[in-house]
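The values are calculated or read from the model by the stated rules, or taken from the named source; none is laboratory data. Computed from a predicted structure; not experimentally measured. Backbone-built Cβ (ideal geometry, glycine too); neighbour counts: all protein chains shown.
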There are 2 protein chains.
Amino acid sequence: MSVDPCVSGPREVVAALDVGGTTIKAAIVGVGGRFQHRRVLRTPVTEGPDAVVAAVLGEVRALIAHAEGSGSSSVCGIGLVVPGSVDAAAGVARFAANIGWRNVALGALVEKETGIPCSVEHDVRAAGIAEAALGRVAGVDDAILAVIGTGLAAVLWSAGRQVSGASRLAGELGHLPVWPDGEPCPCGQRGCLERYASAGAIVRRYEQATGRHTTGEAIVALAEHEGAARDVWRDAITALSIGLASCTMLLDPALIVLGGGLSSAGERLRAAVSNALATRVVWRDPPPVEISPLGAGAGLLGAAILAADAAGVPGLVASGSR
Amino acid sequence: MSVDPCVSGPREVVAALDVGGTTIKAAIVGVGGRFQHRRVLRTPVTEGPDAVVAAVLGEVRALIAHAEGSGSSSVCGIGLVVPGSVDAAAGVARFAANIGWRNVALGALVEKETGIPCSVEHDVRAAGIAEAALGRVAGVDDAILAVIGTGLAAVLWSAGRQVSGASRLAGELGHLPVWPDGEPCPCGQRGCLERYASAGAIVRRYEQATGRHTTGEAIVALAEHEGAARDVWRDAITALSIGLASCTMLLDPALIVLGGGLSSAGERLRAAVSNALATRVVWRDPPPVEISPLGAGAGLLGAAILAADAAGVPGLVASGSR
């Protein structure tokens, strides 16, 4: 990995932020994608959209102060990744339902505040950039990354390139109609995969069945010996296998990678999805299913890669990003 | 459209054959994709796979004789398109269930017989090449062509390129599990789109319901005033809309084009699919749905484009094929 030695003083690093509806993950990232400093704060959604912008700007300042405090590092680029609809070219968060943002010019705000180039991207797309550069999709031309968190979306690669679609709306795996007459989805459709298989859905469906609120990971573990958890988990895996069977038929991936928060369930998740997929893709070999080595940190790492691109030092965090 | 004037004698033309399980379509095609001669013969499947090879070779000879008989034309390339699994680089029909072919080196056989370069390709992929060069997908970077005939498959484009997949198995729209617990499919899966929405399925399901055998086109017309036809047609349209909703979520096409034999149903098909899709894609605009202007002849036109490529005269039939 070669680094552009454009400064001979402090080592260059980037500031990366993954802004979600629940938490803001923030990090200083250096050569080769190494995290030098990392913290998680609560997203102040209850205080309104402006408070979240203020929190982001405050955290950017804190990251810069941390990196430059010792005099040994210099922040040369900033990457922000956010959910919802993003105009990456303009640096604008077009619409983020969880946060209440509408046409927030985040990139310009951060650049004005700091004087440092800033890149803004969609969180799932950024996770895909990280997965292709430093994760399991590196060197794989045709692949699918399913990011299973509060929501559920995918990054698709065909012939080595991310599939964007005509309006940059490709990869909405969570809204595949896996059971066409199934549960209504807030999106207005019925039977969407996200209603059954996202971590958010698993928590909600378990709470509906038992009255108990717990985490997706806990429910996955409970599924080994408790009926209600087993039912919720079985539906999630069945729904995922239907959705991934459709992906396989349409796109013929060499590999399916499972990322996002639920990927912390590890082999329990991987084996269940792989076995279920094999029952639904029978006339051709189903693609192998693997857990992302980047997990829920992929979005943050993607933000760091994009920050280095914005700074004009594309090899700083990862060579060969695509 | 520029033509390589590599001969100053007879006008250069290509021979194109679309070999299906029911018919062999054959044509002489000249500059700009103009059909100069065209005929359809029955595929002698009942006489075994070798008889079909012999029929193809016989028809190739007949096309050449026809073109060159008057002395005004010269066949510079041959294109064969076939169903099933095709190794286009090797010119081999790997597996075609309807015809009984297994590893038939069609390209080499034709070249040995004629001394003329021959290209072999999958019929649906060839239809996509024609649609992108001379049909509705020309100039559209992100699109889907659903080819609805005896079977059902698709060509997908992302950022201006056909999506091939890791094993050239992409586009199997017919095997999307639209009703996961639905009818068993000969492929071994359940609820495949092809079981409801292909012309073959419409004929079969209508015959199961009424005992009457008729064409898909006739059933579409009957659906306006006869209950059994209406039920079969409604299921076909519902299944298609579920499958195309999944395609839209994953790939975000700017356009969906309906081709293949059933596209002769025209506006009846287009309007029904478009309306059904609008009920299943609600949080974003559904893409427009159009009927292919090339219809069931797209495969043959694709064969002609590939024949010109094989002859080293890529601009002969269509400029800018992809």
(message) Among the residues in region A:172-187, are any at positive phi and either surrounded by fewer than 19 Cβ atoms within 10 Å (Cβ to Cβ) or of a type outside the set (Ser, Thr, Tyr) (or both)?
(response) no
(message) Given (1) at pLDDT below 95; (2) buried (at least 21 other Cβ atoms within 10 Å of the Cβ); (3) of a type in the set (A, V, I, L, M), identify the lone condition not met by B:Leu169.
(response) (2)
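Taking region A:172-209 as the region of interest, how many residues are aromatic (Phe, Trp, Tyr), within 14 Å of chain B (Cβ to nearest Cβ) and not in a loop (DSSP other than H, G, I, E, B)?
1
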(request) For region A:139-181, name all the residues that are in contact with a Cys (Cβ under 8 Å, 6 or more places away or on another chain) and of a type outside the set (Val, Ile, Thr). (result) A:Ala154, A:Leu156, A:Leu173, A:Gly174, A:His175, A:Leu176, A:Pro177
(request) Look through B:Leu169, B:Leu145, B:Leu156 and report the one residue that is part of a strand (DSSP E or B) and facing another protein chain (nearest Cβ under 9 Å). (result) B:Leu156
(message) Of the conditions (1) within 14 Å of another protein chain (Cβ to nearest Cβ); (2) crowded, with 24+ Cβ neighbours inside 10 Å; (3) touching a Gly at 6+ places or on another chain (Cβ under 8 Å), B:Ala308 satisfies every one except a single condition; which number is it?
(response) (1)
(message) Condition first: among the aliphatic types (A, V, I, L, M), part of a helix (DSSP H, G or I) and within 14 Å of another protein chain (Cβ to nearest Cβ). Now tell me which residues in region B:102-142 satisfy that.
(response) B:Val124
(request) Report yes if some residue within region B:229-251 is touching an Asp or Glu at 6+ places or on another chain (Cβ under 7 Å), modelled with pLDDT of 95 or more, buried (at least 21 other Cβ atoms within 10 Å of the Cβ) and under 18 Å from B:Thr150 (Cα atoms); otherwise report no. (result) no
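To keep it simple, each residue is scored yes or no on (1) at pLDDT below 95; (2) touching a Pro at 6+ places or on another chain (Cβ under 9 Å); (3) closer than 27 Å to B:Gly260 by Cα.
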{"site": "B:Thr22", "(1), (2), (3)": "yes, no, yes"}
{"site": "B:Ala27", "(1), (2), (3)": "no, no, yes"}
{"site": "B:Ala54", "(1), (2), (3)": "no, yes, yes"}
{"site": "B:Gly58", "(1), (2), (3)": "no, no, yes"}
{"site": "B:Ala62", "(1), (2), (3)": "no, no, yes"}
(message) Being surrounded by 20 or more Cβ atoms within 10 Å (Cβ to Cβ), acidic (Asp, Glu) and in contact with a helix residue (DSSP H, G or I) (Cβ under 6 Å, 6 or more places away or on another chain) narrows it down to one residue among A:Glu121, A:Glu113; which is it?
(response) A:Glu121
(message) Against the condition closer than 19 Å to B:Val257 by Cβ and more than 14 Å from every other protein chain (Cβ to nearest Cβ), how does B:Gly315 come out, does it pass?
(response) no
(message) Just to verify a result, which residue in region A:38-91, among those that are of a type in the set (S, T, N, Q) and not in a loop (DSSP other than H, G, I, E, B), is nearest to A:Leu109 (Cα to Cα)?
(response) A:Ser85
(request) Give the residues of region B:224-259 that are more than 14 Å from every other protein chain (Cβ to nearest Cβ) and either part of a strand (DSSP E or B) or without any contact (Cβ under 8 Å) to a residue 12 or more places away in the chain (or both), sorted by residue number. (result) B:Glu224, B:His225, B:Glu226, B:Gly227, B:Arg230, B:Leu258, B:Gly259
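Kindly indicate whether any position in region A:32-46 is in the same structural domain as A:Asp123 (by TED's automatic domain parsing), surrounded by fewer than 18 Cβ atoms within 10 Å (Cβ to Cβ) and over 21 Å from the mean Cα position of the chain (by Cα).
Yes; the residues of region A:32-46 include at least one that is in the same structural domain as A:Asp123 (by TED's automatic domain parsing), surrounded by fewer than 18 Cβ atoms within 10 Å (Cβ to Cβ) and over 21 Å from the mean Cα position of the chain (by Cα).
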(message) For region A:287-297, give me each residue that is part of a helix (DSSP H, G or I) and either at positive phi or modelled with pLDDT of 95 or more (or both).
(response) A:Gly295
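Yes/no per residue for (1) without any contact (Cβ under 8 Å) to a residue 24 or more places away in the chain; (2) within 19 Å of B:Pro293 (Cα to Cα); (3) under 14 Å from the mean Cα position of the chain (by Cα):
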residue	(1), (2), (3)
B:Ser73	no, no, no
B:Arg102	no, no, no
B:Leu109	no, no, no
B:Ser119	no, no, no
B:Leu152	no, yes, yes
B:Val155	no, yes, yes
B:Gly160	no, no, no
B:Ser164	yes, no, no
B:Leu176	no, no, no
(message) Please go through (1) at negative phi; (2) at pLDDT 95 or above for A:Gly149 and return the number of the only condition it doesn't satisfy.
(response) (2)
(request) Could you tell me whether B:Gly151 is closer than 24 Å to B:Val86 by Cβ and in contact with a strand residue (DSSP E or B) (Cβ under 9 Å, 6 or more places away or on another chain)? (result) no
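Conditions (1) touching a strand residue (DSSP E or B) at 6+ places or on another chain (Cβ under 6 Å); (2) over 30 Å from A:Gly139 (Cα atoms), marked per residue:
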| site | (1), (2) |
| --- | --- |
| B:Val104 | yes, yes |
| B:Ala138 | no, yes |
| B:Ala146 | yes, yes |
| B:Gly171 | yes, no |
